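Trainee: First, the structure itself, so that you have it in front of you.
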Amino acid sequence: MLLAAATPLGFDTSQLTQPEGLSSLVKLALLMTALTVLPSVLMMFTSFVRLIVVLHFLRQALGTQSFPPNQVLAGLALMLTVFVMAPVGQQVHEEVILPYQQGQIDGDAALAQGVDLVKDWMLRNTRENDLLLFAGLAEIPRPATRTDVPLHVVMPAFLISELKAGFQIGFLLFIPFLVIDLIVSSVLLSMGMMMLPPVIISLPFKLLLFVMVDGWHLLVASLAASFR
């Protein structure tokens, strides 16, 4: 009674002592925590890292400075991440969420099974050398199979594997645009137009090449096919 009376704005704190009220507060706290760590989870467990790295390399190769803007690149990477991860999400929904909602498995089993499904996808896109690196850094015995690797080893190994894949694709993207820059620079130098920045002349040709080969179509198709 004293606690409820001392609380301003008429908030009845006696609910805190009830199981229902405590459960609601715990759920709210868990929800806020989940929203806080969601960006990190998105990077560590999904294809977002490779996609955003490749898109930024593409912008640098084109030489368009800040266009497309970061918001557009992040939005495109997010939409492609949803598309790439859709089969895994569907599998988790059918094999974990539905059985849990129907009471066939408990919460611990559902969490473990869901993590295993996501980890299996991560392992398919992780290099063995990276797994061995972090297994050695963690000072754990060498796993007999890839599925025996613990999650805290898989996550950083998957992340650096994604970074390497993104850099490899970015390097391949730079090659045709670099050739255009070299040709334009050579032509301008041979004409004695050394004061004219080559980027002004090469940028329209880069954009023309990218549009003519349907660059967005080829890039998105290649990125989607790069995930196993």
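The values are calculated or read from the model by the stated rules, or taken from the named source; none is laboratory data. All values derive from a computational prediction rather than experimental measurement. Neighbour counts are summed over all protein chains in view; Cβ atoms, including those assigned to glycine, are modelled from backbone coordinates with ideal geometry.
Trainee: What's the total number of residues in the stretch 124-163 that are farther than 18 Å from F48 by Cβ, among the β-branched types (V, I, T) and surrounded by 14 or more Cβ atoms within 10 Å (Cβ to Cβ)?
Mentor: Summing the residues that are farther than 18 Å from F48 by Cβ, among the β-branched types (V, I, T) and surrounded by 14 or more Cβ atoms within 10 Å (Cβ to Cβ) in the stretch 124-163 gives 3.
Trainee: Additional query: Sort out which residues of the stretch 216-228 are free of Cβ contacts under 8 Å to residues at least 40 places away in the same chain and buried (at least 17 other Cβ atoms within 10 Å of the Cβ), and write them in order of number.
Mentor: Going through the stretch 216-228, the residues free of Cβ contacts under 8 Å to residues at least 40 places away in the same chain turn out to be 216-218, 221, 225.
Those that are free of Cβ contacts under 8 Å to residues at least 40 places away in the same chain and buried (at least 17 other Cβ atoms within 10 Å of the Cβ): none in the stretch 216-228.
Trainee: Can you name the residue in the stretch 199-215 that is over 28 Å from the mean Cα position of the chain (by Cα) and in contact (Cβ under 8 Å) with a residue 60 or more places away in the chain and is also surrounded by the most Cβ atoms within 10 Å (Cβ to Cβ) among such residues? I'd like the intermediate steps shown before the answer.
Mentor: Taking the stretch 199-215 as the starting set, the residues that turn out to be over 28 Å from the mean Cα position of the chain (by Cα) are 199-205, 208-209, 212.
Subset that is in contact (Cβ under 8 Å) with a residue 60 or more places away in the chain: 199, 202-203.
Numbers: V199: 13, S202: 22, L203: 19.
So, considering only residues that are over 28 Å from the mean Cα position of the chain (by Cα) and in contact (Cβ under 8 Å) with a residue 60 or more places away in the chain, the one surrounded by the most Cβ atoms within 10 Å (Cβ to Cβ) is S202.
Trainee: Output the residues belonging to the stretch 43-94 that are on the phi > 0 side of the Ramachandran plot and in contact with a Phe, Trp or Tyr (Cβ under 9 Å, 6 or more places away or on another chain).
Mentor: Here is the first cut: in the stretch 43-94, the residues on the phi > 0 side of the Ramachandran plot are 63, 65.
The answer is G63, and nothing else.
Trainee: Name every residue in the stretch 127-139 that is aliphatic (A, V, I, L, M) and in contact with a Pro (Cβ under 7 Å, 6 or more places away or on another chain), in order of residue number.
Mentor: Residues of the stretch 127-139 aliphatic (A, V, I, L, M): 131-133, 135, 137-138.
A135, the sole residue that qualifies.
Trainee: Output the residue which, of all residues in the stretch 43-69 that are under 18 Å from I201 (Cα atoms) and hydrophobic (A, V, I, L, M, F, W, C), is modelled with the lowest pLDDT.
Mentor: The extreme case among them is F67.
Trainee: Then there's this: When you scan the stretch 87-111, how many residues do you find that are out of contact with any helix residue (DSSP H, G or I) (no Cβ under 7 Å at 6 or more places or on another chain) and within 20 Å of A157 (Cβ to Cβ)?
Mentor: 0
Trainee: Just to be sure I understand the filter: pairs with C-beta atoms under 7 Å, separated by 6 or more residues or on different chains, first member in the stretch 137-158 and of a type in the set (F, W, Y), second member crowded, with 17+ Cβ neighbours inside 10 Å and not in a helix (DSSP H, G or I). Which pairs pass?
Mentor: Filtered contacts from the stretch 137-158: F158/T126.
Trainee: Next question, about the same structure. So if I check each of I169, I175, which one is surrounded by 15 or more Cβ atoms within 10 Å (Cβ to Cβ) and within 15 Å of R59 (Cα to Cα)?
Mentor: Numbers: I175 fails: surrounded by 15 or more Cβ atoms within 10 Å (Cβ to Cβ).
Every option except I169 fails the conditions.
Trainee: Here's a follow-up. Looking at S190, S185, S161, which one is of a type in the set (S, T, Y) and farther than 25 Å from G63 by Cβ? Don't jump to the end; show me each part of the working.
Mentor: Details: S190 fails: farther than 25 Å from G63 by Cβ; S185 fails: farther than 25 Å from G63 by Cβ.
Selected residue: S161, the only one of S190, S185, S161 that is of a type in the set (S, T, Y) and farther than 25 Å from G63 by Cβ.
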